[in-house]
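The values are calculated or read from the model by the stated rules, or taken from the named source; none is laboratory data. In this text the structure is predicted, and so the values were computed from the model without any measurement. No Cβ is skipped: glycine too gets one built from the backbone with ideal geometry, and neighbour counts run over all protein chains shown. Note: areas computed on protein heavy atoms with side chains; ligands, DNA, RNA excluded. Shrake-Rupley method; radii C 1.70, N 1.55, O 1.52, S 1.80 Å.
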Amino acid sequence: RFAELHLDHVRRAFGDTVALDGMDLTIKGGEFVALLGPSGCGKSTALNCLAGLLPLTGGRITLDGRRIDDLPPEKRGFGMVFQNYALFPHMSVRRNIAFGLSMRKTPKAELNSRVDEAVRLVQLEEHQHKFPAQLSGGQQQRVAIARAIVLEPPLVLMDEPLSNLDAALRLEMRTEIRRLHQSLGLTTVYVTHDQEEALALADRLVVLRLGEVQQVGSPEEVYAHP
Ligand code: ADP
Ligand code: ADP
(Lines give C-alpha, C1' and ligand atoms only; values in the text may rest on other atoms or scores of the structure.)
(Ligands and ions follow the chains in the order given, each with its own letter.)
Protein backbone atom coordinates (compact mmCIF):
# COMPACT_ATOMS: atom_id res chain seq x y z
CA ARG A 1 0.00 0.00 0.00
CA PHE A 2 1.30 3.45 -0.91
CA ALA A 3 1.57 6.42 1.46
CA GLU A 4 0.62 9.29 -0.84
CA LEU A 5 -0.72 9.79 -4.34
CA HIS A 6 -0.32 13.36 -5.46
CA LEU A 7 -2.02 15.24 -8.29
CA ASP A 8 0.04 18.31 -8.95
CA HIS A 9 -1.62 20.95 -11.11
CA VAL A 10 -3.14 18.31 -13.37
CA ARG A 11 -4.49 19.78 -16.56
CA ARG A 12 -6.42 18.15 -19.38
CA ALA A 13 -7.89 20.00 -22.33
CA PHE A 14 -9.92 18.70 -25.28
CA GLY A 15 -9.29 21.32 -27.92
CA ASP A 16 -10.67 24.55 -26.47
CA THR A 17 -12.49 22.75 -23.65
CA VAL A 18 -10.48 22.69 -20.44
CA ALA A 19 -11.81 19.65 -18.53
CA LEU A 20 -9.26 19.87 -15.69
CA ASP A 21 -7.72 23.22 -14.98
CA GLY A 22 -4.82 22.64 -12.62
CA MET A 23 -6.24 20.07 -10.21
CA ASP A 24 -4.29 19.65 -6.96
CA LEU A 25 -5.09 16.77 -4.64
CA THR A 26 -3.32 14.41 -2.25
CA ILE A 27 -4.79 10.96 -1.60
CA LYS A 28 -3.48 8.93 1.33
CA GLY A 29 -3.18 5.15 1.26
CA GLY A 30 -6.30 3.54 2.74
CA GLU A 31 -8.58 6.50 2.15
CA PHE A 32 -11.98 6.45 0.49
CA VAL A 33 -12.17 9.64 -1.57
CA ALA A 34 -15.27 10.70 -3.49
CA LEU A 35 -15.02 13.05 -6.45
CA LEU A 36 -18.30 14.91 -6.47
CA GLY A 37 -19.81 17.61 -8.68
CA PRO A 38 -22.30 18.33 -11.45
CA SER A 39 -22.14 16.77 -14.89
CA GLY A 40 -19.27 18.20 -16.92
CA CYS A 41 -17.14 19.35 -13.95
CA GLY A 42 -14.29 16.97 -14.82
CA LYS A 43 -14.84 13.94 -12.58
CA SER A 44 -14.45 11.26 -15.25
CA THR A 45 -11.54 13.08 -16.81
CA ALA A 46 -9.78 13.11 -13.43
CA LEU A 47 -10.41 9.37 -12.97
CA ASN A 48 -9.22 8.54 -16.50
CA CYS A 49 -6.08 10.63 -15.97
CA LEU A 50 -5.40 8.69 -12.75
CA ALA A 51 -5.97 5.38 -14.55
CA GLY A 52 -3.66 6.32 -17.40
CA LEU A 53 -6.43 6.16 -20.00
CA LEU A 54 -6.02 9.86 -20.81
CA PRO A 55 -2.67 11.61 -21.09
CA LEU A 56 -2.30 14.91 -19.21
CA THR A 57 -1.84 18.15 -21.07
CA GLY A 58 -0.11 19.64 -18.04
CA GLY A 59 0.99 18.95 -14.47
CA ARG A 60 2.02 15.61 -12.97
CA ILE A 61 0.89 12.65 -10.89
CA THR A 62 3.25 11.05 -8.38
CA LEU A 63 2.95 7.93 -6.22
CA ASP A 64 5.18 8.16 -3.15
CA GLY A 65 7.28 10.72 -4.99
CA ARG A 66 7.66 8.68 -8.21
CA ARG A 67 6.14 10.07 -11.35
CA ILE A 68 3.45 7.83 -12.83
CA ASP A 69 1.68 10.07 -15.36
CA ASP A 70 3.95 8.80 -18.13
CA LEU A 71 3.13 5.12 -17.35
CA PRO A 72 0.52 3.17 -19.36
CA PRO A 73 -2.54 1.82 -17.46
CA GLU A 74 -1.15 -1.72 -17.09
CA LYS A 75 2.06 -0.41 -15.47
CA ARG A 76 0.03 1.55 -12.92
CA GLY A 77 -2.04 -1.54 -12.14
CA PHE A 78 -5.04 0.28 -10.70
CA GLY A 79 -8.38 -1.55 -10.48
CA MET A 80 -11.27 -0.04 -12.41
CA VAL A 81 -15.02 -0.44 -12.02
CA PHE A 82 -17.26 1.25 -14.55
CA GLN A 83 -20.94 2.14 -14.67
CA ASN A 84 -21.60 -0.30 -17.52
CA TYR A 85 -19.66 -3.19 -15.82
CA ALA A 86 -17.79 -4.01 -19.07
CA LEU A 87 -17.87 -7.79 -18.47
CA PHE A 88 -16.94 -10.29 -21.17
CA PRO A 89 -20.32 -11.75 -22.25
CA HIS A 90 -18.89 -15.07 -23.52
CA MET A 91 -17.04 -15.87 -20.27
CA SER A 92 -18.46 -17.30 -17.05
CA VAL A 93 -18.37 -15.24 -13.86
CA ARG A 94 -15.25 -17.17 -12.76
CA ARG A 95 -13.48 -16.59 -16.03
CA ASN A 96 -14.33 -12.89 -16.00
CA ILE A 97 -12.83 -12.61 -12.53
CA ALA A 98 -9.80 -14.74 -13.46
CA PHE A 99 -9.06 -12.86 -16.66
CA GLY A 100 -6.53 -10.34 -15.27
CA LEU A 101 -4.71 -13.03 -13.29
CA SER A 102 -4.48 -15.31 -16.33
CA MET A 103 -3.09 -12.40 -18.42
CA ARG A 104 -0.37 -12.12 -15.77
CA LYS A 105 0.33 -15.82 -16.13
CA THR A 106 -0.55 -16.51 -12.50
CA PRO A 107 0.01 -20.21 -11.70
CA LYS A 108 -3.20 -22.26 -11.88
CA ALA A 109 -3.40 -23.15 -8.16
CA GLU A 110 -2.87 -19.56 -7.06
CA LEU A 111 -5.31 -18.31 -9.70
CA ASN A 112 -8.01 -20.66 -8.47
CA SER A 113 -7.56 -19.82 -4.80
CA ARG A 114 -7.57 -16.08 -5.46
CA VAL A 115 -10.69 -16.37 -7.64
CA ASP A 116 -12.36 -18.46 -4.90
CA GLU A 117 -11.59 -15.74 -2.37
CA ALA A 118 -12.88 -12.93 -4.63
CA VAL A 119 -16.07 -14.88 -5.45
CA ARG A 120 -16.64 -15.37 -1.71
CA LEU A 121 -15.98 -11.70 -0.90
CA VAL A 122 -18.68 -10.51 -3.29
CA GLN A 123 -21.01 -13.40 -2.34
CA LEU A 124 -21.34 -14.90 -5.81
CA GLU A 125 -20.58 -18.53 -4.88
CA GLU A 126 -23.90 -19.75 -6.30
CA HIS A 127 -23.52 -17.82 -9.54
CA GLN A 128 -19.88 -18.37 -10.42
CA HIS A 129 -20.49 -20.69 -13.37
CA LYS A 130 -23.20 -18.51 -14.94
CA PHE A 131 -22.70 -16.02 -17.76
CA PRO A 132 -23.19 -12.25 -17.31
CA ALA A 133 -26.51 -12.23 -19.21
CA GLN A 134 -27.91 -14.67 -16.61
CA LEU A 135 -27.22 -12.25 -13.74
CA SER A 136 -29.09 -9.25 -12.32
CA GLY A 137 -27.53 -5.79 -12.60
CA GLY A 138 -26.39 -5.90 -8.99
CA GLN A 139 -24.76 -9.31 -9.48
CA GLN A 140 -23.00 -8.08 -12.62
CA GLN A 141 -21.66 -5.13 -10.67
CA ARG A 142 -20.37 -7.56 -8.01
CA VAL A 143 -18.49 -9.43 -10.75
CA ALA A 144 -16.97 -6.15 -11.96
CA ILE A 145 -15.87 -5.35 -8.39
CA ALA A 146 -14.44 -8.86 -7.84
CA ARG A 147 -12.54 -8.61 -11.12
CA ALA A 148 -10.92 -5.38 -9.90
CA ILE A 149 -10.06 -6.46 -6.35
CA VAL A 150 -8.75 -9.95 -7.22
CA LEU A 151 -5.63 -8.24 -8.60
CA GLU A 152 -4.99 -6.58 -5.22
CA PRO A 153 -4.53 -3.17 -6.84
CA PRO A 154 -2.88 -0.31 -4.94
CA LEU A 155 -5.81 1.91 -5.93
CA VAL A 156 -9.39 1.14 -6.97
CA LEU A 157 -11.09 3.64 -9.28
CA MET A 158 -14.87 3.58 -9.52
CA ASP A 159 -16.85 5.69 -12.00
CA GLU A 160 -20.54 6.00 -11.02
CA PRO A 161 -20.62 2.24 -10.36
CA LEU A 162 -24.16 2.19 -8.95
CA SER A 163 -25.98 4.56 -11.29
CA ASN A 164 -27.53 1.77 -13.41
CA LEU A 165 -29.07 0.03 -10.40
CA ASP A 166 -32.50 0.57 -8.88
CA ALA A 167 -32.75 2.44 -5.57
CA ALA A 168 -32.87 -0.59 -3.27
CA LEU A 169 -29.87 -2.26 -4.92
CA ARG A 170 -27.96 1.02 -4.85
CA LEU A 171 -28.29 1.12 -1.07
CA GLU A 172 -27.30 -2.56 -0.74
CA MET A 173 -24.26 -2.19 -3.00
CA ARG A 174 -23.24 1.03 -1.25
CA THR A 175 -22.93 -0.91 2.02
CA GLU A 176 -21.12 -3.69 0.18
CA ILE A 177 -18.55 -1.35 -1.38
CA ARG A 178 -17.84 0.32 1.95
CA ARG A 179 -17.48 -3.09 3.64
CA LEU A 180 -15.00 -4.32 1.00
CA HIS A 181 -13.01 -1.09 1.23
CA GLN A 182 -12.71 -1.50 5.03
CA SER A 183 -12.04 -5.20 5.22
CA LEU A 184 -9.46 -5.27 2.42
CA GLY A 185 -7.80 -1.99 3.41
CA LEU A 186 -8.27 -0.64 -0.12
CA THR A 187 -7.60 2.88 -1.32
CA THR A 188 -10.64 3.97 -3.31
CA VAL A 189 -11.42 6.93 -5.55
CA TYR A 190 -15.12 7.03 -6.31
CA VAL A 191 -16.77 9.31 -8.86
CA THR A 192 -20.40 10.26 -8.35
CA HIS A 193 -22.78 13.16 -8.93
CA ASP A 194 -24.94 11.87 -6.05
CA GLN A 195 -24.17 13.92 -2.95
CA GLU A 196 -25.94 11.53 -0.59
CA GLU A 197 -23.94 8.58 -1.93
CA ALA A 198 -20.68 10.49 -1.54
CA LEU A 199 -21.53 11.51 2.01
CA ALA A 200 -22.41 7.94 2.98
CA LEU A 201 -19.33 6.32 1.46
CA ALA A 202 -16.34 8.59 1.61
CA ASP A 203 -13.81 9.55 4.27
CA ARG A 204 -13.14 12.69 2.25
CA LEU A 205 -15.10 14.56 -0.38
CA VAL A 206 -13.52 16.45 -3.24
CA VAL A 207 -16.01 18.82 -4.84
CA LEU A 208 -15.08 19.75 -8.41
CA ARG A 209 -16.43 22.71 -10.31
CA LEU A 210 -15.43 23.64 -13.87
CA GLY A 211 -12.29 21.53 -13.73
CA GLU A 212 -11.03 22.89 -10.42
CA VAL A 213 -11.18 21.65 -6.85
CA GLN A 214 -13.78 23.83 -5.20
CA GLN A 215 -13.85 22.20 -1.78
CA VAL A 216 -12.14 19.32 0.06
CA GLY A 217 -13.10 17.94 3.44
CA SER A 218 -14.73 15.25 5.53
CA PRO A 219 -18.45 14.68 4.87
CA GLU A 220 -19.21 16.65 8.06
CA GLU A 221 -17.09 19.62 6.94
CA VAL A 222 -18.51 19.72 3.41
CA TYR A 223 -22.06 19.17 4.64
CA ALA A 224 -21.74 21.99 7.18
CA HIS A 225 -20.46 24.44 4.54
CA PRO A 226 -22.02 23.39 1.23
P1 ADP B 1 -17.99 14.73 -15.53
O2 ADP B 1 -17.42 13.36 -15.40
O3 ADP B 1 -17.86 15.52 -14.26
O4 ADP B 1 -19.39 14.74 -16.05
P5 ADP B 1 -16.13 15.00 -17.72
O6 ADP B 1 -14.80 14.77 -17.14
O7 ADP B 1 -16.78 13.90 -18.46
O8 ADP B 1 -17.11 15.55 -16.58
O9 ADP B 1 -16.09 16.25 -18.71
C10 ADP B 1 -15.47 17.50 -18.37
C11 ADP B 1 -15.53 18.44 -19.57
O12 ADP B 1 -14.69 17.92 -20.61
C13 ADP B 1 -16.90 18.60 -20.18
O14 ADP B 1 -17.03 19.92 -20.65
C15 ADP B 1 -16.88 17.61 -21.31
O16 ADP B 1 -17.78 18.00 -22.34
C17 ADP B 1 -15.44 17.66 -21.78
N18 ADP B 1 -14.97 16.39 -22.36
C19 ADP B 1 -14.81 15.22 -21.70
N20 ADP B 1 -14.35 14.25 -22.52
C21 ADP B 1 -14.21 14.83 -23.75
C22 ADP B 1 -13.78 14.37 -25.03
N23 ADP B 1 -13.37 13.10 -25.21
N24 ADP B 1 -13.77 15.23 -26.05
C25 ADP B 1 -14.17 16.52 -25.87
N26 ADP B 1 -14.58 17.02 -24.71
C27 ADP B 1 -14.61 16.20 -23.64
P1 ADP C 1 -17.05 -24.25 -15.54
O2 ADP C 1 -18.28 -23.45 -15.38
O3 ADP C 1 -17.14 -25.23 -16.68
O4 ADP C 1 -16.54 -24.85 -14.26
P5 ADP C 1 -15.45 -21.87 -15.49
O6 ADP C 1 -15.38 -20.93 -16.64
O7 ADP C 1 -16.31 -21.44 -14.37
O8 ADP C 1 -15.91 -23.27 -16.04
O9 ADP C 1 -13.96 -22.09 -14.93
C10 ADP C 1 -13.27 -23.31 -14.93
C11 ADP C 1 -11.95 -23.20 -14.17
O12 ADP C 1 -10.92 -22.56 -14.96
C13 ADP C 1 -12.08 -22.41 -12.90
O14 ADP C 1 -11.52 -23.13 -11.84
C15 ADP C 1 -11.33 -21.11 -13.15
O16 ADP C 1 -10.71 -20.62 -11.99
C17 ADP C 1 -10.30 -21.50 -14.20
N18 ADP C 1 -10.05 -20.39 -15.16
C19 ADP C 1 -10.90 -19.43 -15.53
N20 ADP C 1 -10.36 -18.61 -16.43
C21 ADP C 1 -9.10 -19.07 -16.66
C22 ADP C 1 -8.06 -18.65 -17.51
N23 ADP C 1 -8.18 -17.58 -18.32
N24 ADP C 1 -6.91 -19.35 -17.49
C25 ADP C 1 -6.78 -20.39 -16.69
N26 ADP C 1 -7.73 -20.86 -15.87
C27 ADP C 1 -8.90 -20.21 -15.85
Within the set 172, 212, 197, GNM on the chain using Cα springs under 10 Å gives the largest fluctuation to 172
Rounded to the nearest 10 degrees, what's the angle between the helix 93-103 long axis and the longest principal axis of the chain, both from Cα atoms, 0 to 90? 70 degrees
With a 1.4 Å probe and all protein chains left in place, how much of the accessible area of the chain comes from carbon and sulfur atoms, in whole percent? 51 percent
List 166, 159, 8, ordered by accessible area with a 1.4 Å probe, largest first: 166, 8, 159
Extending each Cα 7 Å along its Cβ direction at residue 66 and residue 13, get the distance between those two points in nm, one decimal. 3.2 nm
Helix 167-184: inclination vs the chain longest Cα principal axis, degrees, rounded to 10, gives 90 degrees
Length gained if residue 221 through residue 103 is fully extended, taking 0.36 nm per residue and subtracting the Cα-Cα distance, is 38.2 nm
Hey, what number do you get for the chain at 222 nm if only DSSP H runs of n ≥ 4 count, each worth -39500 (n - 2.57), divided across all residues, to the nearest 500? -10500 deg cm²/dmol
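A 24 angstrom limit on the alpha carbon distance is what I want to check against. Which of 43/75; 75/105; 75/130; 108/130 exceed it?
The pairs that break the limit, which is 24 Å between Cα atoms, are 75/130.
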Accessible surface, the range 1-117, averaged per residue in Å² (probe 1.4 Å): 51 Å²
